[in-house]
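Report on the following structure.
Values in this text are rule-based calculations from the coordinates and carry no lab data. Being a predicted model, the structure only gives us computed values, none of them experimental. Cβ placement follows ideal geometry from the backbone for every residue including glycine, while neighbour counts extend to all protein chains displayed.
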Amino acid sequence: MHRTSEPLTFRRLLTVACLCFVSLALWLAPVAPADAVAAAKTGQELTAEELSHLEDLSRRAFSATNAGSYDQAEAYLTEMIEKLPENPAIWSNLGNVKVSQNKISEAIADYNKAIELAPYAPDPYLNRGTALERLERWEEAIADYNQVLEIDPEDAAAYNNRGNAKAGLQQWEAALADYQKATELAPQYSFARANYALALYQLGETDASIRTMRSLLRKYPKFADVRAALTAALWEKGRRGEAESNWVSAVGLDPRYKDIEWVAQVRRWPPAMVSALDRFLNIE
């Protein structure tokens, strides 16, 4: 759940900079690697010098993205597009760095261009879906995720993201089913499992939710999102000492969970879990 829906590089050119939220910049994916730079020509052969320069730009864009210098990454990718305007991977990655700067409409235009150039590639649809979610255009986002699943029925990220969009529509049972499918397809996909636990809580399956969170924390003890959610769930159960212990760990890992507005509007926890955390934060 950015619920942070997950953008990916075109054709999975690099491993996703997976969430636990890479600064919650929406699971921004890294840019296309150097060996893919010349994948699409622009009508003329590139010289060795031009290829070397493009490879350098690719490395610089990757480094800038990882460092959070998204404006600089945008400049590098824009320069790459001047030489390779028909490379959909670059357009899709340019959209990713614009999403991180909250340039959502511009990002969607970039994804549209990537889709125009490569209509049968799944990742530009997935990336556009995450941008549409930022605008709360849930149905359109779901349509993009459905398109990904038509292309690749075993795309775990598409199931997770579609669950997020369905959660935006308050369709919690449908969201739960998508999160479950994502975890079946990718058992190590920890954030999909966390989303599954949160959806269980929203549906009143509190014991199952707590069991799922405990299981996740045995594998990923520094998973701040789950620590914070378990805090709220345990507090509601009257397990005050255990809740406090988890809270100390959660805010030590990520202090943003002290901000209930951030939890509700940016992280987008389900309402029941937001209310539980709010009651914990406002104890007298």
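Quick one: grab the alpha carbon gyration tensor of the stretch 193-284, order the square roots of its eigenvalues as a ≥ b ≥ c, and give me rounded if a/c is under 1.5, else prolate or oblate depending on whether a/b is larger than b/c. The shape class here is rounded. With the cut-off at 1.5 for a/c, could you classify the stretch 46-115 from its C-alpha gyration tensor as rounded, prolate or oblate? Here the stretch 46-115 falls in the oblate category. Counted residue by residue at 0.36 nm each, then reduced by the alpha carbon distance between them, the extension gain from residue 219 to residue 170 reaches 14.7 nm. Once both labels are positioned 7 Å from their Cα atoms along Cα-to-Cβ, the gap between residue 152 and residue 139 label points is 2.8 nm. Of the two radii for the stretch 131-262, the radius of gyration is 1.00 times the Kirkwood radius, both from the alpha carbons; that is the Rg over Rh value.
Taking the number of Cβ atoms within 10 Å of each Cβ as an exposure proxy, the fewest-first ranking of 247, 269 is 247, 269.
Gain on full extension, evaluated as 0.36 nm per residue between residue 67 and residue 265 minus their Cα-Cα distance, stands at 68.8 nm.
Can you pull the one-decimal nm distance between simple spin-label points at residue 106 and residue 47, each 7 Å off the Cα toward Cβ? Placing both labels 7 Å along Cα→Cβ, they lie 3.1 nm apart.
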